[in-house]
Amino acid sequence: MQKYTNTAESQYIAPKGLEPISIMIVCTTVAALQQHLQQQQITRSKTGFVPTMGALHQGHLALIEQSLSLELFTICSIFVNPTQFNNPDDFAKYPITIANDIRLLESVGCHLLFLPSVQEMYPQGTQATRHYELGFLETVFEGSHRPGHFQGVCQVVHRLLNIVPCGKMLLGQKDYQQCMVLTQLVKTIPIATEIIIAPTVREADGLAMSSRNMRLNPEQRQQATAIYKAMQFIKSKLQPGDTTTLASNAAQQLLDAGFTSIDYVSLAHAHTLEPITDWDGSTPLVVLVAAFLGEVRLIDNYVI
Ligand code: PAF
């Protein structure tokens, strides 16, 4: 993996009319976090954890709210993990909105924010010390289009789970393959954490909420709605038999709407991610999309 730097400016956008309803603890070191949990006698089984890379939106807040509704002491982490970016430019331009994130987390009542530095997360350096066996999952879709990405995701989440003792970790279904990878990860590491996957939160026009949406200009933001429309098109036209024409027609719709390139528009087995080009009419399916609007790569999925 290359060495990357994120030079994005921290930008504060005060949400209108939003007042903090609670004071949140912010810990930037592992020692401070663990000391707080110990002092307050907060045990693993009473803790819900939402790992994020910041630039928070309603999708993240829904995870925090779900954890709170389970009456868990709720910890959010914000760490833009350098080791999971296969594209240095994507890392450099990843939005950083810490002041706004803190305000949003306080507005929903998050209990604690873990906000570590790269040095705190990787005191021995970012070089991987372990290879995670992800098998087939690493060979398809995000695995094949973003080499090394899931190794970086596993590296950071494994480290986070060692730092944050949590009975439950909450993830968004928007990152469908990541949810499968992390479900596999927790089965292979000696850490007792249950994964809860929450549905994708969408804008009124269907666009899946994503931190990367902040990088779209107004025209691209409009064009981005074509992803949801293309997935709905597939759902409405799906018939048993060959599905390749349907998928390529949906991909063409994205290009017609202004997408600059397509990584994939595919159907896959919803439980294994085995690509499906000839549907038997009963296998559970997920539509997976990854496409570029200029420099911004968007992903989405829809379970049928
Ligand atoms: O989905 C994300 O934001 C990241 O991949 C995660 C899980 C926080 C790991 O860095």
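Worth a mention:
- Every pair of residues 6+ apart whose Cβ atoms lie under 9 Å, when the first sits in region 265-287 and is closer than 16 Å to GLU138 by Cα while the second is modelled with pLDDT under 95 and open to solvent by 20 Å² or more (accessible area, probe 1.4 Å): ALA270/ILE304
- Region 144-177 - residue that is part of a loop (DSSP other than H, G, I, E, B) and within 17 Å of LEU134 (Cβ to Cβ) and, of those, nearest to the ligand (Cβ to nearest atom): ASP175
- Options HIS36, HIS60: the member that is open to solvent by less than 60 Å² (accessible area, probe 1.4 Å), away from the ligand (no atom under 15 Å from the Cβ) and in a helix (DSSP H, G or I): HIS36
- Residues of region 97-143 satisfying the condition of being touching a strand residue (DSSP E or B) at 6+ places or on another chain (Cβ under 9 Å), surrounded by fewer than 18 Cβ atoms within 10 Å (Cβ to Cβ) and part of a loop (DSSP other than H, G, I, E, B): GLY109
- Residues of region 63-84 that are in a helix (DSSP H, G or I) and either open to solvent by less than 20 Å² (accessible area, probe 1.4 Å) or in contact (Cβ under 8 Å) with a residue 60 or more places away in the chain (or both): LEU63, ILE64, GLN66, SER67, PRO82, THR83, GLN84.
- Which listed residue is in contact with a Leu (Cβ under 9 Å, 6 or more places away or on another chain), without any contact (Cβ under 8 Å) to a residue 60 or more places away in the chain and more than 20 Å from GLY152 (Cβ to Cβ), from ALA208, ALA247, ALA198, ALA204: ALA247
- Leading residue by the ranking (nearest to THR126 (Cα to Cα)) among those in region 181-203 that are open to solvent by 40 Å² or more (accessible area, probe 1.4 Å) and within 13 Å of the ligand (Cβ to nearest atom): THR183
- Total residues in region 204-248, condition part of a helix (DSSP H, G or I), more than 16 Å from the ligand (Cβ to nearest atom) and in contact with a Lys or Arg (Cβ under 8 Å, 6 or more places away or on another chain): 2
The values are calculated or read from the model by the stated rules, or taken from the named source; none is laboratory data. On a predicted model such as this, the values are computed, not experimentally measured, just so you know. Here the Cβ is made from the backbone with ideal geometry for all residues, glycine too, and neighbour counts use every protein chain on show. Calculation scope for accessible area: heavy atoms of the full protein, side chains included, ligands and nucleic acids excluded. Shrake-Rupley method; radii C 1.70, N 1.55, O 1.52, S 1.80 Å.
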